[in-house]
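Input: one structure, supplied below.
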Amino acid sequence: MLVRTGTDADAADATAVVRQVLLEHGLPFEPAGLDADIVAPDRHFSGAGGAFYVAVENGRIVGTAALQVTGPARGEVRKLFLLPEARGRGVGRALLAAVLDAARERGVQRLTLTTRVRYRRAIRMYEKAGFRLAGTARKPRGGDLGLSFELDLAARSVPERPAGLPRRHLTPAVAA
């Protein structure tokens, strides 16, 4: 598996990955709305100071991830999606690492991301990387408000969960 910089030449295959994963989880693909960025990644990510990455396996794109710069020293992790066959093998961690490296290179100090409660494995990955639950998302997708997470890249180290303590589970009030 190779993680490399993506371009508009990868847009059709990257869009197919995002569409497939959203539909798999019962969420709509919105090419004129929340998903307009994946249709033209050079303009939305790379051309705007961010970065776009694809994970390629056997010549096929199996995952996507992007950094969108949202302001001075601020950014957002966007479009981290994996096909089912790429899950559980470190592909998501590799894509997230590429985005985090790109954020640091660009002087981003605060990163946010939005995800859905149904993506429990992804949430665990984000929390292991130091992201912390910050509230609900600004824009719903298919009636699902989603969750917002933040990471302080300016901190010297990623906070760790002390050994022996149980994982924090999302409460129904937050997850609703």
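Looking at (1) within 19 Å of ALA98 (Cβ to Cβ); (2) open to solvent by 10 Å² or more (accessible area, probe 1.4 Å); (3) in contact with a helix residue (DSSP H, G or I) (Cβ under 6 Å, 6 or more places away or on another chain), find the lone condition where PRO31 falls short.
Failed condition: (1).
I would also like to ask the following. Counting just the residues of region 98-127 that are touching a residue at least 40 places away in the same chain (Cβ under 8 Å) and under 14 Å from PHE52 (Cα atoms), which one comes out nearest to the chain's Cα centre (by Cα)?
Result: VAL99.
Please verify whether ALA40 is surrounded by fewer than 17 Cβ atoms within 10 Å (Cβ to Cβ), out of contact with any Lys or Arg (no Cβ under 9 Å at 6 or more places or on another chain) and not charged (D, E, K, R), treating the condition exactly as stated.
Answer is yes for this residue.
The values are calculated or read from the model by the stated rules, or taken from the named source; none is laboratory data. Bear in mind the structure is a predicted one, so any value in this text is a computation, not a measurement. In this analysis, Cβ positions are derived from the backbone assuming ideal geometry, glycine residues included, and neighbour counts consider all displayed protein chains. Heads up: the accessible areas ignore ligands, DNA and RNA and are worked out on the full protein's heavy atoms, side chains in. Shrake-Rupley method; radii C 1.70, N 1.55, O 1.52, S 1.80 Å.
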